[in-house]
Structure formats: structure tokens, C-alpha cells
Protein chains: 2
Amino acid sequence: MAETLFNHPRYPLLVVISGPSGVGKDAALERLKERHLPFHFVVTATTRAPRPGEVYGEDYFFLSKDQFAEMIEEDELLEYAVVYDDFKGVPKQQVRDALNSGKDVLMRLDVQGAATIRNVVPGAITIFMSTVSEAELAERLSMRNTETAESLKLRIATARKELLRLKEFDYCVVNRQGELDETVDKIIAIIEAEHCRTHQRQISL
Amino acid sequence: MAETLFNHPRYPLLVVISGPSGVGKDAALERLKERHLPFHFVVTATTRAPRPGEVYGEDYFFLSKDQFAEMIEEDELLEYAVVYDDFKGVPKQQVRDALNSGKDVLMRLDVQGAATIRNVVPGAITIFMSTVSEAELAERLSMRNTETAESLKLRIATARKELLRLKEFDYCVVNRQGELDETVDKIIAIIEAEHCRTHQRQISL
């Protein structure tokens with residue numbers, strides 16, 4: 001018995017990276033991938049058409065609306081949402097396989113999607129990415145050059161609303177301008193620390 | 001208000017490193033000191049006489065039994081214990097000063113001392129250091145050459161009892177043989193992750 005206690009288990013984690021649009025979630029995940037750690041990065045399923053250069057199974061799983069509907073019916077999506085006229089969601093089997101192989105699973109979701117995961121998978125670790133200030137978020141969004149003044153205003157208003165939900169998350173990582181590696185280090189530290197928790201929950205989907 | 005939300009606070013932490021005798025707490029703290037991070041390492045007060053080479057205020061605060069009794073009466077010790085015929089304890093003011101200066105405070109305590117701190121300071125972070133197996137702990141203890149067969153047996157029995165209290169701790173760090181830097185990295189990751197928690201408790205003594 002004592003021997004079992006000595007041997008602290010290391011259960012794979014389900015980690016959700018979330019936060020307002022423009023905080024740098026994609027950039028952080030890209031940088032994380034470059035670290036070549038034994039993580040599984042979730043590939044989202046979508047019904048939208050591939051854009052030039054996008055690779056099936058790498059950027060997204062491109063599915064027909066029929067295929068997507070089937071996955072919904074078979075309860076094979078951990079979470080899904082309608083984005084404009086298209087659907088996107090997280091295939092359950094993929095996450096299950098990765099966890100079974102002992103890998104920590106990382107996924108990027110909007111604040112609403114993170115809330116869904118928290119309900120479906122109580123053991124999931126949720127990280128809210130933020131910026132130092134609202135001004136910095138506005139600056140990032142306007143640098144995208146894809147935002148009109150109106151849509152920028154809308155995104156900032158949404159971010160404010162989303163920040164009010166910060167306390168629903170386990171962690172908050174402030175992504176400071178030009179300090180993406182620091183942000184990635186913090187995410188890795190959170191994952192490492194979670195593996196050391198005495199109260200760990202084994203995730204089953 | 002939103003601006004305040006963006007600005008995630010970084011409250012200093014009180015971190016207790018504990019675990020059975022022989023797991024390597026002292027070695028881990030020594031290695032941590034060498035990293036030159038902005039931590040305050042608690043200097044314990046003791047009534048025992050200094051050993052050759054020990055420096056006042058660096059290794060211990062060497063106090064008379066009268067001085068120690070006074071500190072107990074004035075409630076100026078966070079925790080104290082009787083070790084053989086001598087007393088040792090953690091001076092409150094030192095911890096208070098370090099926290100006020102914004103530094104994370106680290107202290108080394110036995111399992112009983114850690115339990116006391118948990119009651120007195122509910123926001124304290126407690127880390128249980130362990131070894132991979134009981135055999136490894138026995139090996140480490142016997143390598144000390146200061147243990148008789150009887151005292152070794154006693155220490156192992158105590159370690160078994162202490163392991164049953166693991167779940168009272170927030171974290172468990174397994175100190176693998178020859179991997180002290182890995183152990184120190186884990187402790188640092190835990191501290192970094194705790195600073196990112198959305199539910200932080202400001203410590204007041």
C-alpha cells in the first residue's frame with residue numbers, strides 16, 4: 001500500500017486555452033507546438049470549405065454538413081458551435097485516443113465553448129488568456145487589418161463581457177506584448193503543476 | 001472595471017515544502033537558492049546552540065529559551081515545535097516582511113508543521129516531497145551513515161504514516177534519484193502556476 005502511495009500517478013490532462021478574440025490564442029498554440037512536447041493538439045472538425053493551403057487532418061477535419069450532423073446525433077462531439085453558416089466542433093474519439101495514449105490534450109476554444117467543456121468534462125483544466133490592458137487588446141485587433149471600426153467595437157464589447165467570466169476558469173495567463181515565450185512557459189508550468197496535484201481526476205469521455 | 005479585470009494581480013505566496021525525512025527537502029531548497037529567483041527562504045528560529053560554521057540569521061536565528069518563550073507568548077511564531085530538548089519555529093514578522101515586499105516565501109517543514117501552517121494560513125501552498133519508492137527512501141536514509149538500523153526502521157515507519165497524509169497537501173513532487181533539477185523545476189512550475197490561478201487568496205498574518 002505504501003508503495004502505491006509513493007508512486008504518484010500521472011494522468012493525462014485535458015487543457016482548454018480560451019480567452020477573447022485577439023489575445024493571441026493561435027500564436028500561443030503555434031509556439032507551443034514548436035516546443036515539441038508530448039502534447040496532442042486537437043484538430044477541430046468544420047463544415048466550412050478549406051482555404052488555399054489548408055490541409056485535411058492538420059488544420060481541420062473538413063466534413064460535409066451531413067457528416068457533421070451524424071456526429072452530433074451519435075454524440076461524438078465534445079462541443080460544437082455554429083459559426084456564421086458553418087459548424088465546428090471537437091471530435092470526441094480523437095481526444096479519447098490521445099488521452100488513452102497518455103498524452104495531455106490541448107484545445108483552443110472560445111469562452112462559451114470552454115464553459116461547455118467544463119460542464120461535460122469536470123476534470124478539464126481551463127486557461128483564460130488575457131492581455132495587460134483593454135488598450136492592448138484593441139491595438140492587437142486593429143493590427144489585424146481585417147477589422148472594420150464597427151467590428152472592432154463589437155469585439156471589444158464582447159471581450160469585456162467575457163472578462164466577467166474569468167472566475168469560471170482555473171487559470172489566467174496574461175499574454176504580454178512581445179512576450180509570447182513567457183506566455184507559453186506559463187502554460188507549460190500550469191500543465192506541469194497540474195500533474196503534481198495530489199487531487200487529480202482521471203478523465204473519461 | 002474592465003481594465004482592472006485585465007490586470008491580473010500577482011499576490012505573493014506562502015509555500016511550504018514538506019515530506020518525510022530523507023526525501024531531499026534540504027537539497028531541493030539549496031538548489032532552488034542557486035537559481036537566484038526572487039524568493040524569500042525562511043530562516044528558522046532555534047534554541048539549540050550553533051554548530052561550527054553556522055551563521056546567525058543565515059542558517060538559523062539562535063535564540064535563548066527565554067527569547068523563544070517570549071515569542072510564543074507574543075504570538076510571534078507562525079508555527080513551532082519541540083525537537084528533543086530544543087525549540088524551533090518560524091518567526092511571523094520575517095514572513096510578513098517578505099510578503100509585504102512582494103516576495104514569495106518558501107519554508108521547509110515536517111508533515112506536522114505543514115498541517116499547522118495549513119490551519120493558520122489557509123492560503124498557503126503545501127508541497128509534499130516524495131521518492132519514487134519506499135526502497136529509494138530507505139537507500140537515501142542509509143546513505144546518510146548517521147542512522148542506526150533501529151532509527152532507520154523508525155524513520156521508514158514514520159514516512160509510511162506521513163504518506164497517508166499526502167491528500168492534505170496541494171501538490172506532490174516526486175524527487176527522483178539524481179534528478180534534483182527536475183524536482184526544482186517542478187517546484188518552480190507550481191509557484192508560477194499558482195500565480196496564474198484565477199482564485200487567489202491574499203495572505204495576511
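What follows is calculated from the coordinates using simple rules that are stated; it is not laboratory data. Nothing here was measured: the structure is a model prediction, and the numbers come from that model. Cβ: placed from backbone, ideal geometry, glycine included. Neighbour counts: every protein chain shown.
Can you give me the pair-distance distribution of region B:13-117, C-alpha pairs, 10 Å bins, whole percents?
Values per bin, smallest distances first: 14, 46, 36, 4.
Using a label point 7 Å beyond Cα on the Cα-Cβ vector, give me the inter-copy distances for B:L180 in nanometres, one decimal, shortest first.
Spacings between copies for this position, smallest first, are 3.7 nm.
Check the straight Cα-Cα distances from A:K33 and name the lysines below 19 Å, setting aside those fewer than 8 residues away within the same chain.
A:K25, A:K103, A:K186
What is the ratio of the Cα radius of gyration of chain B to 2.2 N^0.38 Å, where N is its residue count, to two decimals?
1.07
Just going by the charge dipole of region B:160-204, with Lys and Arg at +1 and Asp and Glu at -1 on Cβ, which of B:V174, B:A193, B:S204 is farthest out on the positive end?
B:S204
Putting +1 on Lys and Arg Cβ atoms and -1 on Asp and Glu Cβ atoms, find which of A:H40, A:H8, A:Y84 reaches farthest to the positive end of the dipole of region A:1-105.
Positive-most Cα among the choices belongs to A:H8.
When the dipole is taken about the Cα centre of region B:136-187, and only Lys, Arg (+1) and Asp, Glu (-1) are charged at their Cβ, what size is it in debye, to the nearest 20?
In debye, rounded to 20, region B:136-187 gives about 320.
If the label for B:L164 sits 7 angstrom from Cα along the Cα-to-Cβ line, what are its distances to the same label in every other copy, in nm to one decimal, shortest first?
So the label point of B:L164 gives 5.0 nm to the other copies.
At what distance in angstrom do the alpha carbon centres of region A:53-84 and region B:98-159 lie from each other?
Taking the Cα centre of each part, region A:53-84 and region B:98-159 sit 50 Å apart.
Pull up all non-local amide H partners of B:T198: gap of 5 or more, or a different chain, and H-to-H distance under 5 Å with H placed in the peptide plane.
HN-HN under 5 Å from B:T198: A:Y171, A:C172.
Rounding to the nearest 20 debye, state how big the charge dipole of chain B is about its Cα centre with +1 on each Lys and Arg Cβ and -1 on each Asp and Glu Cβ.
My answer is approximately 440 debye.
Between the label point of B:I72 and that of the same position in each other copy, find the distances and list them shortest first in nm, with every label point placed 7 Å from Cα along the Cα-to-C-beta direction.
Spelled out, the distances from B:I72's label point are 7.0 nm.
If the only charges are +1 at each Lys and Arg Cβ and -1 at each Asp and Glu Cβ, what is the size of the charge dipole of the protein assembly as shown around the Cα centre, to the nearest 20 debye?
280
To the nearest 500 deg cm²/dmol, what mean residue ellipticity at 222 nm is calculated for chain A from DSSP H runs of n ≥ 4 alone, each contributing -39,500 (n - 2.57), summed and divided by the residues?
Dividing the helical sum by the residues of chain A leaves -12500 deg cm²/dmol.
Would you please name the chymotrypsin sites (Phe, Trp or Tyr not before Pro) within region B:1-90 that are DSSP coil residues with at most 13 other C-beta atoms within 10 Å of their C-beta?
Of the chymotrypsin sites (Phe, Trp or Tyr not before Pro), the ones in loops of region B:1-90 whose Cβ has at most 13 other Cβ atoms within 10 Å are B:Y84.
Given H placed on each backbone N at 1.01 Å, which residues far from B:F41 in sequence or on other chains put an amide H within less than 5 Å of it?
B:L106
For chain A, calculate the relative contact order in percent as a whole number, restricting contacts to Cα pairs under 8 Å that are 6 or more residues apart.
Averaging sequence separation for qualifying contacts and normalising by length gives 32 percent for chain A.
Treating only the Cα positions of the protein assembly as shown as identical point scatterers, give the base-10 log of I(q)/I(0) from the Debye formula at each q in 0.13 Å⁻¹.
-1.14
In straight Cα distance, which aspartates and glutamates are under 19 Å from A:K167, not counting same-chain residues fewer than 8 positions off?
A:D110, A:E134, A:E194, B:E3, B:E192, B:E194
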